[in-house]
Amino acid sequence: MSNINWSKLSFIDLFAGIGGFHQALGSFGAQCVFASEIDKYASQTYFENYGIKPFGDITKINESDIPKHDILCGGFPCQAFSISGKQLGFSDTRGTLFFEIARIIKYHSPKIIFLENVKNFAKHDSGNTLNIVLKTLDELGYNVFYKVLNASNFKLPQNRERVYFVGFRKDLNINNFSFPLGSGEPVALCDFLEDNPDDVKFIQRDDIVFNKKIEIHSDLIDDIVLPNKPIQIGIVGKGGQGERIYHPLGHAITLSAYGGGVGSKTGLYQINGKIRKLSPRECARIQGFPDSFKIISNKTQAYQQFGNSVAVNVLKAIVAKIEEVLYDKL
């Protein structure tokens, strides 16, 4: 058992989206004292679910107006940094959204930093972007650890690889941190589907071609080793992005906020003999959001919100690891 009283720990949620970090930290009992999100539709969803109205553009918010907090978290956008000064530090982050995080950290010195970004962040600008972030956080007084993790290893049916950062203020003397590995056990999209969703797009066209047929007998399904990847069985049109059809015994495609094609953002699946996209609720489920999560936006906005979100299961597993190392520190 942990000796940490999470209800006494506060956090701020930057670039908050619809609150993936809030879901994870809130499940442990931590209290959100501030959120920031520039998208008005995501902000409305956040308010409906957590009762907190996010402030808007973080670049226009003074750090002194942000409440004191123990944990700073956020999935910040990836941007190129100027390295003209070649100091690889705080000054080189100016003009980027990471600078907004850095200036808040500099002012408030939270105990823990918890960040997420796209997988390729570590290779961005030949590694210079990552170096600047690590050097900046070191200068600000943090021991920082990072690792690329895949949502597929955390019982979610999509290969969503993201890099996660955890930083501990140096006076906590936490010099080692191990990220969770996840169980890696097979997980299939079919276990996340709604029975009869009424808000999905069904596809009926003459140019649907099935190029692989999978026959599964119900009495044998428990003996099948499911692959943790999408199983493509057909195409629509020319089979480009958003025009591929998948089997629900495999993974969903990685959810995206953007992309074209008739199956854009969710992919197409043959379910109960029909070809369709996923519903917003199904997208919520494969990102780790509970069914109690309120979806208030139209489908277009909902797809974008879940496509932009962080995988909640991964965040929860990381928080559990943070709890382990904080055992005798707080």
Inter-label distance, nm, simple model (7 Å from Cα along the C-beta direction), residue 254/residue 106: 3.3 nm
How high is the FRET efficiency from residue 238 to residue 321, r the C-beta distance, R0 35 Å, rounded to 0.05? 0.20
In this model, which of 60/321; 265/316; 111/316; 201/294; 53/201; 147/277 are farther than 30 Å apart at the alpha-carbon? 60/321; 53/201; 147/277
Residue 329 versus residue 119, label points 7 Å from Cα toward the beta carbon: distance in nm? 2.9 nm
For 46, 41, 258, 269, what ranking results if the residue with the fewest other Cβ atoms within 10 Å of its Cβ goes first? 258, 41, 46, 269
Debye equation applied to the C-alpha atoms of the range 113-193, log10 I(q)/I(0) at 0.23, 0.27 Å⁻¹: -1.07, -1.25
On a 0 to 90° scale, report how tilted helix 97-108 is relative to the longest principal axis of the chain, with both axes built from alpha carbons and the result rounded to the nearest 10. 40 degrees
Just name one of 14, 208, 136: the one whose Cα is farthest towards the positive end of the charge dipole of the chain (beta-carbon charges, Lys/Arg +1, Asp/Glu -1). 136
On a C-alpha basis, how far is the centre of the range 250-274 from the centre of the range 119-184 in Å? Whole number, if you could? 29 Å
Ranking of 324, 37 by count of other Cβ atoms within 10 Å, fewest first: 324, 37
Hey, rough spin-label estimate for residue 206 and residue 170, points 7 angstrom out along Cα→Cβ, what's it come to in nanometres? 7.1 nm
Express in nm, to one decimal, how much length is gained between residue 181 and residue 33 on full extension, taking 0.36 nm for each residue of separation and deducting their alpha carbon distance. 50.3 nm
Can you give the translational diffusion coefficient of the chain in µm²/s, computed by Stokes-Einstein from the Kirkwood radius over Cα pairs at 4 °C and 1.567 mPa s? 61 µm²/s
For helix 40-50, what angle does its Cα long axis make with the longest principal axis of the chain, in degrees from 0 to 90 and rounded to 10? 80 degrees
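Bear in mind these aren't lab numbers, they're just calculated from the coordinates by the rules spelled out. Small disclaimer: the values here were computed from a predicted structure and weren't measured. Methodologically, a virtual Cβ is constructed for each residue, glycine included, from the backbone with ideal geometry; neighbour enumeration extends over all protein chains shown.
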